[in-house]
Each structure stands twice: as structure tokens, then as C-alpha cells.
């Protein structure tokens, strides 16, 4: 039996929108600067503020459809950070052989597309008042 869900507070809904906006700002910054999308997503001030907001206010979202958005946002951030770490862990030793740069470049590109997709998909669902499938 599914637990009863109640409507979220307006302030909590705004926080979810603000977090998506901060992450989107990081993505756009990564697109139009010398950095990468995923690099700015994980290491920029807007995304770090977004994750801190997620952790500080996720208890306000418990029992609402926003709970899934907060989890989605947090997971997107940490999975991207983990993927960057793994890319460097495996890519740096392969630089000596010549394929490390290709692996890191391709990996950052794929991660950038993945991060942009997750943030866009989440924000669209939030705008529709729908939860995420976690």
C-alpha cells in the first residue's frame, strides 16, 4: 500500500525550482565557457549552493512528490561527481598510451549530456506537478 502523500508547502516548491535553476545556470555556464558542462555542474558555486539547499531542506519535502525531486537532484550531483572521479582514475593512467585523452574527452561529453538531460527532465516534471521515478 502506497503511503499517503500531502501537498508540499509553496516555499518548498520554490526551493525545488531554485535548485533546478542553479543547476541549469551551471550547465549553461559550462556550455559557454572554457570549462565543461559536467565540470561546472559539480564544481561551480551555483551547483554547490543547490546541493546544500537540497540537504538542508529535504526534510520539508518528506511525504510529498517533491521528495522524489530532491532525491533526483542530489543523486544527479553525486553520480556526476563519482563519474568524474572514475574517468580520471581510469583515464590518467591511459594518457601514456594515448587513449586517456579520448576517454576523458568522450566521458566528459557524455556526462554533460546526461546531466543536462536529468536536470531538464526533472524541471519539466516539477513544472507539471509530477514526481520523479527514483
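Does a label point 7 Å from the Cα of residue 45, set along Cα-to-beta-carbon, have any residues of region 11-28 with amide nitrogen under 14 Å, and which are they?
Flagged as within label range: 26.
To the nearest 10 degrees, how steeply does helix 45-57 sit against the main Cα axis of the chain, on a 0 to 90 scale?
Computed tilt is about 40 degrees.
State, to one decimal in nm, how far the label point of residue 55 lies from the label point of residue 18, with both points 7 Å from Cα in the Cβ direction.
1.7 nm
Identify which of the listed values of Rg/Rh (Cα atoms, Kirkwood Rh) was calculated from the structure shown: [x] 0.97; [y] 0.99; [z] 1.06.
So the calculated entry is the one marked [z].
Grab the beta carbon distance between residue 94 and residue 35, set R0 = 25 Å, and tell me the FRET efficiency rounded to 0.05. Write out the running numbers ahead of the final one.
Values: r = 22 Å, r/R0 = 0.90.
For residue 94 and residue 35, the calculated efficiency is 0.65.
Show me 32-41, 82-91 ranked by packing, highest mean number of other Cβ atoms within 10 Å first. Could you put the intermediate results ahead of the total?
Numbers: 32-41: 18.4, 82-91: 14.6.
Ranked from most to least packed, the peptides come out as 32-41, 82-91.
Quick one: helix 100-127 against the long Cα principal axis of the chain, what's the angle to the nearest 10°, folded into 0 to 90?
The angle comes out at about 10 degrees.
Throughout, read-outs are computed from the coordinates displayed, never taken from laboratory work. Remember, it's a predicted structure, so these values are computed and weren't measured experimentally. Here the Cβ is made from the backbone with ideal geometry for all residues, glycine too, and neighbour counts use every protein chain on show.
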